[in-house]
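Q: Dropping the structure in here first, questions after.
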């Protein structure tokens, strides 16, 4: 049992060269990314904000209709039952 624990501890050690190699790989991968321009970012942000507002308003309007419909049905049943 003790040998298994020591093996897992020894296998989890990372050398400094591995860390430096990893950081170098990350830097090279970040250079490959095509970043958006400031103008593109502003346009996409406007689309998201406007889309979120419009979708929220649609949900609100549908909620009003459903609430009104259910209120009308409730009033109808109260009128029938008494």
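Q: Helix 38-81 against the longest principal axis of the chain: what's the angle in degrees, Cα atoms only, rounded to the nearest 10?
A: Tilt of helix 38-81: around 40 degrees.
Q: Please give the calculated 222 nm ellipticity per residue for the chain, where each DSSP H segment of at least 4 residues contributes -39500 (n - 2.57) and the sum is spread over every residue; nearest 500 deg cm²/dmol?
A: Value at 222 nm, helices only: -30500 deg cm²/dmol.
Q: OK, next. Could you list, bin by bin from short to long, the percent of Cα-Cα pairs of the chain in 5 Å steps?
A: The distribution over the chain is 3, 10, 7, 7, 7, 7, 7, 6, 7, 7, 7, 7, 6, 5, 4, 3, 0, given as percents.
Q: Kirkwood hydrodynamic radius, region 37-82, all distinct C-alpha pairs: what's the number in Å?
A: 13.4
Q: Rank the residues 34, 15 as a footprinting-exposure proxy: fewest other Cβ atoms within 10 Å of their Cβ go first.
A: Final ranking by Cβ density, sparse to dense: 34, 15.
Only the coordinates and a few stated rules stand behind these numbers; no lab work does. The model shown is predicted, which means the values in this text are computed figures rather than measured ones. Cβ sites come from the backbone with ideal geometry, for glycine too, and all protein chains shown count toward neighbours.
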